[in-house]
Amino acid sequence: MRLFVALPLSEDARARLAALQSGVPGARWVAKDNLHVTLRFIGETDRLGAEELDAGLAGVRAPAFGLTLCGVGFFDRGRYAHTLWAGVERPEPVVFLRDKIESVAVRAGFAPERRKFSAHVTLARLADVPSVRLGPYLETRPGFAAGPYPITRFTLYESRPGGDGVHYEPLAEYPLAGVG
């Protein structure tokens, strides 16, 4: 099973993000129902690994918070963009939660994440599009902002390939404390 931990987004947040999903030829847009903020990609594991991870995640204590989406940009390799994203304004609560989840994952036997964490929602995957070609897309979406949206839980998902694309199946949800 292929797992990841993420913040699920409200219907309104996903609708606002889906409105950004056009105008880049060749982009593989993420399905509206799959939009989320990834906290930790786990990867392939067996049932025992998933159960150990679940037990650790159930012990994570962090406060609920408001999530504001802000800005649109891309990740690149040199001159080529590979991911189009919407950013998270003031990501400190997300980073705090992500750090706790990272500790749990490592204690459960998963390799430490080597990439620097950047709180975002993936809008599209790109097949090495020259970064300069994204200028018109970015220029027509200045000042994107949505929220704040209440974040009261995080979720362990399984990624399942299907004939009509990838489906993200929630395996467990973990509440956050208090009101954000």
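Answer yes or no: is there a residue in the range 81-90 that is aromatic (Phe, Trp, Tyr) and over 20 Å from residue 151 (Cβ atoms). Explain how you work it out, then say what you get.
We begin by selecting, within the range 81-90, every residue aromatic (Phe, Trp, Tyr); these are 85.
Adding the requirement that they be over 20 Å from residue 151 (Cβ atoms) leaves none.
No, because not a single residue in the range 81-90 is aromatic (Phe, Trp, Tyr) and over 20 Å from residue 151 (Cβ atoms).
Hey, among the residues in the range 111-143 that are without any contact (Cβ under 8 Å) to a residue 60 or more places away in the chain and acidic (Asp, Glu), which one's farthest from residue 87 (Cα to Cα)?
128
Quick one: would you say residue 108 is free of Cβ contacts under 8 Å to residues at least 60 places away in the same chain and not aromatic (Phe, Trp, Tyr)?
It is true that residue 108 is free of Cβ contacts under 8 Å to residues at least 60 places away in the same chain and not aromatic (Phe, Trp, Tyr).
Go through the range 1-32 and give me each residue that's without any contact (Cβ under 8 Å) to a residue 60 or more places away in the chain and either among the basic types (Lys, Arg) or exposed (fewer than 15 other Cβ atoms within 10 Å of the Cβ) (or both).
Across the range 1-32, the qualifying residues are 11, 14, 15, 19, 22, 25, 32.
Check the range 96-115 and report whether any residue there is within 26 Å of residue 16 (Cα to Cα) and in a strand (DSSP E or B). Lay out the reasoning, then the answer.
Step one: of the range 96-115, the residues within 26 Å of residue 16 (Cα to Cα) are 96-98.
Narrowing further to those that are in a strand (DSSP E or B): none.
Looking for residues that are within 26 Å of residue 16 (Cα to Cα) and in a strand (DSSP E or B), one finds none in the range 96-115, hence no.
Among the residues of the range 141-151, is any in a strand (DSSP E or B), of a type in the set (Ser, Thr, Tyr) and surrounded by 13 or more Cβ atoms within 10 Å (Cβ to Cβ)? Step through it out loud before you land on a result.
In the first step, residues of the range 141-151 are kept if they are in a strand (DSSP E or B); the result is 145-151.
Narrowing further to those that are of a type in the set (Ser, Thr, Tyr): 149.
Checking which are surrounded by 13 or more Cβ atoms within 10 Å (Cβ to Cβ) leaves us with 149.
Checked the range 141-151: at least one residue is in a strand (DSSP E or B), of a type in the set (Ser, Thr, Tyr) and surrounded by 13 or more Cβ atoms within 10 Å (Cβ to Cβ).
For the range 71-93, which positions are under 16 Å from residue 115 (Cα atoms) and either assigned to a loop (DSSP other than H, G, I, E, B) or among the β-branched types (Val, Ile, Thr) (or both)?
Within the range 71-93, 83 is the sole residue that qualifies.
So which residues in the range 33-78 are hydrophobic (A, V, I, L, M, F, W, C), touching a residue at least 60 places away in the same chain (Cβ under 8 Å) and out of contact with any Leu (no Cβ under 9 Å at 6 or more places or on another chain)? Let's see the steps before the verdict.
Our first condition is that a residue be hydrophobic (A, V, I, L, M, F, W, C); within the range 33-78, this holds for 35, 37, 39, 41-42, 48, 50, 53, 55, 57-58, 60, 62, 64-65, 67, 69-70, 72, 74-75.
Cutting the leftovers down to touching a residue at least 60 places away in the same chain (Cβ under 8 Å) gives us 35, 37, 39, 41-42, 50, 53, 57-58, 60, 62, 64-65, 67, 69-70, 72, 74.
58, 70 - these are the residues of the range 33-78 that are hydrophobic (A, V, I, L, M, F, W, C), touching a residue at least 60 places away in the same chain (Cβ under 8 Å) and out of contact with any Leu (no Cβ under 9 Å at 6 or more places or on another chain).
Let me spell it out: the conditions are (1) assigned to a strand (DSSP E or B); (2) crowded, with 17+ Cβ neighbours inside 10 Å, and residue 161 meets all of them except one. Which number is the exception?
Status for residue 161: all satisfied but (2).
Is it the case that residue 71 is at positive phi, of a type outside the set (A, V, I, L, M, F, W, C) and in contact with a Gly (Cβ under 8 Å, 6 or more places away or on another chain)?
yes
Each value in this text was obtained by applying a stated rule to the coordinates, not by laboratory testing. Predicted model only: the values in this text are computed from it and were never measured. Using ideal geometry, Cβ is built from the backbone for each residue, glycine included, and neighbour counts are taken over all protein chains shown.
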